[in-house]
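First up is the structure itself, then whatever we jot down about it.
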Amino acid sequence: MLNRRFLRVKVLQSIYAYYQSKSSNLPLAERQLLEGVDDLYKLFVYQLSFWVEVKRFAERRIEENKLKHFPTEEDLNPNMKFVNNRILKTLDDNKHLMKLEEQYKINWADSREDFIRNMFTKLTETPEYLEYMANGKDSFSDDKRFLVSVIDTYMPENGLLYDYYSDGDLSFNSDYQLAVYLLWKFISELPASFDAFSVLPPVYKSEDEDKGFVIRLFEKTILRTDEYMELVKANISNWDYERLALMDKILIFMALTEFTEFHSIPVKVTINEYIEISKFYSTPDSRRFVNGMLDRLSIVLKEEGKLVKTGLGLIDK
């Protein structure tokens, strides 16, 4: 579920928090990091559960409308396409999602029904929903296309949903954007064979390997901070080290840890990853600066014999 970029971001956030707190309790910070990774996955589960609850609300609305004193033709013969969306119906029946909802104590009945009603009303007003309900298509691909489009267009900036998580004292609202992307990716890649007995992807693709990557990247970056700081100062030009954004420093320090501690990760992969992360987590000039510094530092480390890559991670790949 969480690929290496997500894991790098979580390490980045945790190192930033560690530096800002001026703490020296590394074991505590490590535990908080792992809890943060788990919280991101928990928020992903919340997002799945949210969509199931919206579908359930739509079903309740349909049944209530049938019981009106003077129901309209539309009330008596409603368009069932949304509530019959194959993906939402399967998620509603999925045993593993139910288990995770119980584990995380997700209970939308405790939230105000007006919140779900408001979210559903806003959904029904979108062009995507109106087109989906009227296009006459009946296929898994059309169901998926609709959900992917709505998630991509409306969820990243959905203040109502973000505020719901914040108001609910959920500590992971800072990961909202990441969780939306996880949801989008999961739905985008969901096969038609996914059913009530399918298992949702785990937190880590490989428990031992990826969890070990997170811990080692976090610990080594912090423990070698002074060494990395001197290395950067010795090789910086046209920049004042003291004026560098803290986030830029952390991005470079993390990359240096990958250069020297993770022998199977290619140098180009490391550089590209931190350039991409810098676009979202640092200043507008960060991409150019991080790219230039990492190119220079990789050459310096190679010349000093401190950059050793093996297997698929050969430096010249």
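Quick look at the values:
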quantity	calculated
Residue check, Lys122 closer than 20 Å to Arg56 by Cβ, of a type in the set (D, E, K, R), out of contact with any His (no Cβ under 9 Å at 6 or more places or on another chain) and at pLDDT 85 or above	yes
In the range 1-33, residue nearest to Asp208 (Cα to Cα) [restricted to those that are assigned to a helix (DSSP H, G or I) and touching a strand residue (DSSP E or B) at 6+ places or on another chain (Cβ under 9 Å)]	Leu7
Residues of the range 69-93 satisfying the condition of being assigned to a helix (DSSP H, G or I), surrounded by 14 or more Cβ atoms within 10 Å (Cβ to Cβ) and aliphatic (A, V, I, L, M)	Ile87, Leu88, Leu91
Selected residue (criterion: surrounded by the most Cβ atoms within 10 Å (Cβ to Cβ)) from residues of the range 96-120 that are of a type in the set (Lys, Arg) and closer than 21 Å to Leu40 by Cα	Lys99
Any hit, the range 210-229, residues being farther than 16 Å from Lys10 by Cβ, in a helix (DSSP H, G or I) and of a type in the set (S, T, N, Q)	yes
Filter result for Ser141 (closer than 24 Å to Pro78 by Cα, exposed (fewer than 14 other Cβ atoms within 10 Å of the Cβ) and not basic (Lys, Arg))	yes
Some residue of the range 199-215 being surrounded by fewer than 19 Cβ atoms within 10 Å (Cβ to Cβ), within 23 Å of Tyr19 (Cβ to Cβ) and touching a residue at least 12 places away in the same chain (Cβ under 8 Å)	yes
Test: Ile265 is among the hydrophobic types (A, V, I, L, M, F, W, C) and under 13 Å from Leu294 (Cα atoms)	no
Number of the condition not met by Lys279 [criteria: (1) in a helix (DSSP H, G or I); (2) within 15 Å of Leu217 (Cβ to Cβ)]	(2)
Number of the condition not met by Glu273 [criteria: (1) within 19 Å of Lys233 (Cβ to Cβ); (2) acidic (Asp, Glu); (3) buried (at least 18 other Cβ atoms within 10 Å of the Cβ)]	(1)
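The values are calculated or read from the model by the stated rules, or taken from the named source; none is laboratory data. Computed from a predicted model, the values in this text were never measured in an experiment. Backbone-built Cβ (ideal geometry, glycine too); neighbour counts: all protein chains shown.
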